[in-house]
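Student: Let me give you the structure first, and then I'll get to my questions.
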Amino acid sequence: MLVLGGARSGKSRYAQERCEAVPGRLVYIATAQAFDSEMTERIARHRGERGARWSTIEAPLDLAGAIGEAAGQGDAILIDCLTLWLSNLLLAGTDMATARAGLIDGVAACPVPVISVANEVGFGIVPDNALARRFRDEAGWLNQDMAALCREVVLVAAGLPLTLKA
Amino acid sequence: MLVLGGARSGKSRYAQERCEAVPGRLVYIATAQAFDSEMTERIARHRGERGARWSTIEAPLDLAGAIGEAAGQGDAILIDCLTLWLSNLLLAGTDMATARAGLIDGVAACPVPVISVANEVGFGIVPDNALARRFRDEAGWLNQDMAALCREVVLVAAGLPLTLKA
Amino acid sequence: MLVLGGARSGKSRYAQERCEAVPGRLVYIATAQAFDSEMTERIARHRGERGARWSTIEAPLDLAGAIGEAAGQGDAILIDCLTLWLSNLLLAGTDMATARAGLIDGVAACPVPVISVANEVGFGIVPDNALARRFRDEAGWLNQDMAALCREVVLVAAGLPLTLKA
């Protein structure tokens with residue numbers, strides 16, 4: 001399943017609730033890296049909101065590896081979020097097509113349900129700088145590939161889901 | 001009811017038409033402040049488009065107070081829009097959590113139907129400056145709280161509504 | 001038909017597939033102008049992806065004229081995209097209301113099906129500069145006018161359509 005949404009759209013909470021509908025152990029794969037106090041605060045708040053069924057794997061770059069590891073630990077996996085992961089890869093200078101293919105293969109091969117959260121970032125004015133444009137392009141392509149793979153895709157706005165694929 | 005939409009999406013016109021389906025007197029609560037000629041022109045154009053059933057209350061900051069006042073004057077209330085109100089509060093240095101709670105209480109307690117218009121601003125690239133990021137966060141949280149309260153929520157694009165909650 | 005979508009949303013591919021469901025000859029009206037290598041590359045890639053049934057008309061400015069010409073050459077017309085055309089007009093200093101009315105008349109009079117692609121650009125933070133704000137306003141107004149004219153309107157995200165009008 002793929003949960004798309006804007007900033008502060010409630011997409012993470014929605015995805016978490018969907019994941020918690022699966023009985024058993026749950027694995028949260030966090031792609032966030034805390035570079036400043038804004039992010040540190042946000043990560044701590046989100047972690048505090050999850051319950052005892054959850055364990056956490058941090059995977060700012062090797063997301064496919066983390067999915068393999070998580071598949072042995074839990075009955076469902078939540079990846080939050082693909083767009084931060086993309087951003088980490090771009091800053092690290094990784095080849096994007098290879099990374100995208102690796103992620104798609106990892107999700108396709110995963111024996112337990114995977115719910116991925118991603119930002120929809122393409123509904124604004126064309127950004128001024130080339131890196132932001134490239135990021136927007138990569139995010140759009142990744143969302144398209146993931147949406148093609150997933151059985152269910154929703155777009156969340158104001159905490160409420162619109163069904164894109166079911 | 002909550003009417004979400006992008007810039008120039010037709011959200012205000014859609015909300016106004018929905019409000020005009022209610023018989024009787026209608027109150028328009030305007031949160032806009034005219035700081036420049038762009039805004040002055042826009043406010044005047046919108047006011048000119050409304051008919052004789054409408055009265056107007058200007059409420060750039062005390063929106064909960066305006067809702068109480070409007071409830072005594074009309075059979076339905078249109079708030080246009082929550083996002084400008086948020087922007088006014090941020091510039092005035094108001095405590096946002098208190099203001100948001102006050103608005104939610106005011107809408108919940110209102111004896112006549114309230115239709116609120118708000119911008120969806122989270123579907124673009126992360127803004128460069130911290131104030132814009134904070135504004136985007138606050139707008140998202142307010143939209144989530146209002147959507148949870150309202151019986152009907154739509155997302156308007158190109159003048160057409162997508163139902164998020166009904 | 002109007003196909004709205006964000007950047008890299010798969011809107012052009014979706015519109016092309018819809019157009020290819022029409023038997024016979026197809027005309028692609030390209031509004032893009034290649035100012036830099038980013039755009040040249042993108043145009044060439046898109047052209048290479050279209051098959052033998054397609055012919056192409058380039059129309060960076062005179063879109064109504066191109067629709068008239070295309071109507072004599074094909075059984076269906078794809079315009080990709082209205083938002084680049086708007087951008088070209090703004091840079092050329094064209095009167096926007098006249099151009100918009102001319103386009104609407106051209107589409108309304110066209111004897112074969114027209115599928116138009118347009119960007120939804122209004123779901124982000126208010127842009128810093130006045131030209132970007134004006135562009136966003138014009139894009140929103142054009143999308144509203146086209147949506148009112150068209151029989152079918154969809155919003156594409158991650159390659160998947162949400163029906164706005166059917």
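Student: Just need a number here: residues in the stretch B:144-160 that are in contact (Cβ under 8 Å) with a residue 40 or more places away in the chain and either away from chain C (no Cβ under 12 Å) or of a type in the set (G, A, S) (or both).
Tutor: Total meeting the criteria: 11.
Student: Among the listed residues A:V117, A:V112, A:V107, identify the single one that is closer than 19 Å to A:L90 by Cβ, more than 10 Å from chain C (Cβ to nearest Cβ) and touching a strand residue (DSSP E or B) at 6+ places or on another chain (Cβ under 7 Å).
Tutor: On inspection, the qualifying residue turns out to be A:V117.
Student: If only one of C:T163, C:T94 is among the hydroxyl-bearing types (S, T, Y) and either more than 22 Å from A:L162 (Cβ to Cβ) or away from chain B (no Cβ under 14 Å) (or both), which one is it?
Tutor: Selected residue: C:T94, the only one of C:T163, C:T94 that is among the hydroxyl-bearing types (S, T, Y) and either more than 22 Å from A:L162 (Cβ to Cβ) or away from chain B (no Cβ under 14 Å) (or both).
Student: With a cut-off of at least 1 residues that are at pLDDT 95 or above and open to solvent by 60 Å² or more (accessible area, probe 1.4 Å), name the strands (runs of 3 or more DSSP E) lying wholly within the stretch C:71-166.
Tutor: Correct list: C:160-165.
Student: Could you list, in sequence order, the residues of the stretch C:61-111 that are under 19 Å from C:A15 (Cβ atoms), β-branched (V, I, T) and more than 12 Å from the chain's Cα centre (by Cα)?
Tutor: Of everything in the stretch C:61-111, just one residue is under 19 Å from C:A15 (Cβ atoms), β-branched (V, I, T) and more than 12 Å from the chain's Cα centre (by Cα), namely C:I104.
Student: Got at least one residue in the stretch A:4-23 being in contact (Cβ under 8 Å) with a residue 40 or more places away in the chain, under 13 Å from the mean Cα position of the chain (by Cα), within 19 Å of A:R100 (Cα to Cα) and within 13 Å of chain B (Cβ to nearest Cβ)?
Tutor: yes
Student: Name the residue that is farthest from B:R136 (Cα to Cα), counting only residues in the stretch A:38-52 that are open to solvent by less than 60 Å² (accessible area, probe 1.4 Å) and in a loop (DSSP other than H, G, I, E, B).
Tutor: Selected residue: A:G51.
Student: While we're here: Would you point out the residue of the stretch B:28-37, among those that are of a type in the set (S, T, Y) and not in a helix (DSSP H, G or I), that is surrounded by the most Cβ atoms within 10 Å (Cβ to Cβ)?
Tutor: Ranking the qualifying residues of the stretch B:28-37, first place goes to B:T31.
Student: Something else about it: So A:A99 ticks every box in (1) within 23 Å of A:A148 (Cα to Cα); (2) small (G, A, S); (3) in contact (Cβ under 8 Å) with a residue 40 or more places away in the chain but one. Which box is left unticked?
Tutor: Looking at each condition in turn, A:A99 falls short on (3).
Student: Would you confirm, using the coordinates I've provided, whether A:A30 is without any contact (Cβ under 8 Å) to a residue 40 or more places away in the chain, more than 14 Å from every other protein chain (Cβ to nearest Cβ) and either in contact with a strand residue (DSSP E or B) (Cβ under 7 Å, 6 or more places away or on another chain) or of a type in the set (K, R) (or both)?
Tutor: It is false that A:A30 is without any contact (Cβ under 8 Å) to a residue 40 or more places away in the chain, more than 14 Å from every other protein chain (Cβ to nearest Cβ) and either in contact with a strand residue (DSSP E or B) (Cβ under 7 Å, 6 or more places away or on another chain) or of a type in the set (K, R) (or both).
Student: When you scan the stretch C:12-26, do you find a residue that is under 22 Å from A:A132 (Cβ atoms), touching a Leu at 6+ places or on another chain (Cβ under 9 Å) and buried (at least 16 other Cβ atoms within 10 Å of the Cβ), even just one?
Tutor: yes
Student: Could you list all residues from the stretch A:120-136 that are more than 9 Å from chain C (Cβ to nearest Cβ) and either closer than 30 Å to A:V22 by Cα or touching a residue at least 24 places away in the same chain (Cβ under 8 Å) (or both)?
Tutor: Once the filter is applied, which keeps residues that are more than 9 Å from chain C (Cβ to nearest Cβ) and either closer than 30 Å to A:V22 by Cα or touching a residue at least 24 places away in the same chain (Cβ under 8 Å) (or both), the stretch A:120-136 yields A:L131, A:R134, A:F135.
Student: With (1) of a type in the set (D, E, K, R); (2) more than 12 Å from A:V114 (Cβ to Cβ); (3) at pLDDT 95 or above as the list, and A:R42 as the residue in question, which single condition is left unmet?
Tutor: The number of the failed condition is (3).
Student: Test C:W85 against the criterion of being farther than 12 Å from C:T31 by Cβ and out of contact with any Gly (no Cβ under 7 Å at 6 or more places or on another chain), and give yes or no.
Tutor: no
The values are calculated or read from the model by the stated rules, or taken from the named source; none is laboratory data. Small disclaimer: the values here were computed from a predicted structure and weren't measured. Cβ coordinates were reconstructed from backbone atoms using ideal geometry, including for glycine residues, and neighbour counts include every protein chain displayed. Note: accessible area is taken over every heavy atom of the protein model, side chains too, but ligands, DNA and RNA are not part of it. Shrake-Rupley method; radii C 1.70, N 1.55, O 1.52, S 1.80 Å.
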